[in-house]
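The values are calculated or read from the model by the stated rules, or taken from the named source; none is laboratory data. In this text the structure is predicted, and so the values were computed from the model without any measurement. A quick note on method: Cβ atoms are made from the backbone with ideal geometry, for glycine too, and the neighbour counts reach across all protein chains shown. In case anyone asks, the SASA skips ligands and DNA or RNA and just uses the protein heavy atoms, side chains included. Shrake-Rupley method; radii C 1.70, N 1.55, O 1.52, S 1.80 Å.
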Amino acid sequence: MQSEPETVCNVAISFDRCKITSVTCSCGNKDIFYCAHVVALSLYRIRKPDQVKLHLPISETLFQMNRDQLQKFVQYLITVHHTEVLPTAQKLADEILSQNSEINQVHGAPDPTAGASIDDENCWHLDEEQVQAQVKLFLTQGGYHGSGKQLNLLFAKVREMLKMRDSNGARMLTLITEQFMADPRLSLWRQQGTTMTDKYRQLWDELGALWMCIVLNPHCKLEQKSSWLKQLKKWNSVDVCPWEDGNHGNELPNLTNALPQGANANQESLGQCKSLEYQHLPAHKFLEEGESYLTLAVEVALIGLGQQRIMPDGLYAQEKVCRNEEQLISKLQEIELDDTLVKIFRKQAVFLLEGGPYSGLGEVTHRESVPMHTFAKYLFTSLLPHDAELAYKTALRAMRLLVLESTAPSGDLSRPHHIASVVPNRYPRWFTLSHIESQQCELASTMLTAAKGDVQRLETVLESIQKNIHSSSHIFKLAQDAFKIATLMDSLPDITLLKVSLELGLQVFPSFVVIITEERNLMQFW
């Protein structure tokens, strides 16, 4: 600024093998990132390397001097900086003249200008104290003064470091995690039996996601991963370390309204998604012909979404399962499918249907396995224009909701040890069950809409609804959907769909009769 007096700052930068390893600046600014003066000097060195003279290490220069030159060098150094270095110079002189001093027990002398050994680890400069101080400050501010935004900026910096394969990424994340673990609110919440705020838990989620990126990094050495595993176990053993399961309380909020409804929840609309310009970038190494980074990314996403996984215990963890699935599907919907990607979808759908215990769409799944309704709806709509048979087969397989089955598969009742197989099982605590049932209903409605005019498919979908959907309200909704689809104004009524609507209505009718009867009896009692 022209109105401000010009300030001269003394900046020193050490670099080793193209990395800045240490910085000092007399400006006094304390921050995680480099000050403007350090950046300016770095850019000057990069843009005008000829203007910055390179010198041999000072030890080499001193070695070339004779006695008179050495004495002149030291005396001039003391004269120029006598108030700063004279006490130190006098102390060093006394120690060197004393044969029993500690300094004479060591061969040679240190040289800060010589740089590190080739075997020494070289990494970018990171002011660890400043990182700890900044994170502690943000945490003590709670949700005020944009502290959450500042912490997310730190997380973004760690991601950038990991992308650049900067070893400081793991160092910085370790410092951040230590400050999170030292947050006094963790002990307070544990003592009071209360849960942390959603905003704070989201920061912990980001912390966990970054650690997964680090430990799964294929470029890291085995000893590094072992060290991180040891550290993660140490943190996990601390009493105040938050559980991923989150809330174990008795209050069950209405998660059907809290969670986004369907994979299209983030868009304006058992069609207006904007397709981004994703392109096939060829990857020449280690890949088969025709594969690209885009096909690999889509295939990995489909594999992850289709894996069989057990529903976690806690409310927050279950909510996160649904949210993460829908966010990933929403990302996939941004991609416009071409012939190459359709082949990937077909291949993965077949693999999932024929897969064993690792597939969530296999013939046999665990009773408490996470349902595939949301994922199957996306597969169904993607495959339908290209392979209707495979699309319906996938969606129908995903319609099951085993957690609501009242009995295990029937066995031979003549054998005593099979008696337990027909004993009703207790329901696990699925806090997101209402949301999951709504996704099941959406999948069924989507199939009913697509099957209009196809008698055989409509009958198959009807059988699946009657077998797998247990909620009277959802069956009633499907009856209404079938009636609306069958009586659209631009076409003649679909008789088969009307029959589907009638059968579903009759199926749910006794439940409503019981409710009405109970209400009437209650009124008569009063």
Report summary line: Taking the stretch 365-414 and keeping only residues that are modelled with pLDDT of 90 or more, part of a loop (DSSP other than H, G, I, E, B) and open to solvent by 70 Å² or more (accessible area, probe 1.4 Å), one is left with H366, P385, H386
Report summary line: All conditions in (1) closer than 16 Å to Q439 by Cα; (2) open to solvent by 10 Å² or more (accessible area, probe 1.4 Å); (3) of a type in the set (A, V, I, L, M) are true of I329 except (2)
Query raised in the report: at pLDDT 90 or above and outside any loop (DSSP other than H, G, I, E, B) - does that describe any residue in the stretch 415-426?
Result: no
Query raised in the report: Can you find a residue in the stretch 27-44 that is under 30 Å from F138 (Cα atoms), under 44 Å from the mean Cα position of the chain (by Cα) and acidic (D, E)?
Result: yes
Report task. Kindly establish whether S473 is modelled with pLDDT of 90 or more, surrounded by fewer than 20 Cβ atoms within 10 Å (Cβ to Cβ) and of a type in the set (S, T, Y). Result -> yes
Query raised in the report: Which one of these does E336 not meet: (1) part of a helix (DSSP H, G or I); (2) touching a Phe, Trp or Tyr at 6+ places or on another chain (Cβ under 9 Å)?
Result: (1)
Query raised in the report: So, of the residues in the stretch 40-51 that are part of a helix (DSSP H, G or I) and over 13 Å from S14 (Cα atoms), which turns out to be most open to solvent (accessible area, probe 1.4 Å)?
Result: R47
Query - The lone exception for K347 - which of (1) exposed (fewer than 14 other Cβ atoms within 10 Å of the Cβ); (2) outside any helix (DSSP H, G or I) it fails - result: (2)
Query raised in the report: Is it true that Y44 is of a type outside the set (V, I, T), at pLDDT 90 or above and touching a helix residue (DSSP H, G or I) at 6+ places or on another chain (Cβ under 8 Å)?
Result: yes
Requested in this report: Report, ordered by the first and then the second residue, all pairs with beta carbons closer than 8 Å, sequence separation of six or more or different chains, a first member in the stretch 37-55 that is over 16 Å from C27 (Cα atoms), and a second member that is assigned to a helix (DSSP H, G or I) and of a type in the set (V, I, T).
Outcome: H55/T61
Report task. May I ask you to list pairs of residues, at least six apart or on different chains, whose Cβ atoms are under 9 Å apart, with the first in the stretch 209-228 being open to solvent by 50 Å² or more (accessible area, probe 1.4 Å) and the second being part of a loop (DSSP other than H, G, I, E, B)? Result -> H219/R165; Q224/S167; Q224/N217; K225/N217
Query raised in the report: So which residues in the stretch 135-193 are surrounded by 14 or more Cβ atoms within 10 Å (Cβ to Cβ), more than 18 Å from V215 (Cβ to Cβ) and among the acidic types (D, E), if there are any at all?
Result: D183
Query raised in the report: V131 passes all but one of (1) open to solvent by 70 Å² or more (accessible area, probe 1.4 Å); (2) among the β-branched types (V, I, T); (3) at pLDDT below 90; which number fails?
Result: (1)
Requested in this report: Identify all residues within the stretch 427-453 that are at pLDDT 95 or above and among the charged types (D, E, K, R); write none if there are none.
Outcome: E437, E442
**Report entry** Residues satisfying the stated conditions in the stretch 66-93, i.e. among the charged types (D, E, K, R) and surrounded by fewer than 11 Cβ atoms within 10 Å (Cβ to Cβ)
**Finding:** R67, D68, E84
Requested in this report: Show the residue pairs that are 6+ apart or on different chains and have beta-carbon atoms under 6 Å apart, the first residue being within the stretch 351-369 and assigned by the TED database to the domain that holds L396, the second being among the hydrophobic types (A, V, I, L, M, F, W, C) and in a loop (DSSP other than H, G, I, E, B).
Outcome: L352/L361; L353/L361; G360/M372; L361/M372; E368/M311
Report task. Out of the residues in the stretch 298-322 that are modelled with pLDDT of 90 or more and open to solvent by 60 Å² or more (accessible area, probe 1.4 Å), state the one that is farthest from G360 (Cα to Cα). Result -> V300
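Conditions tested, residue by residue: (1) modelled with pLDDT under 90; (2) in a loop (DSSP other than H, G, I, E, B).
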site: Q71; (1), (2): no, no
site: N100; (1), (2): yes, yes
site: D120; (1), (2): yes, yes
site: H145; (1), (2): yes, yes
site: G148; (1), (2): yes, no
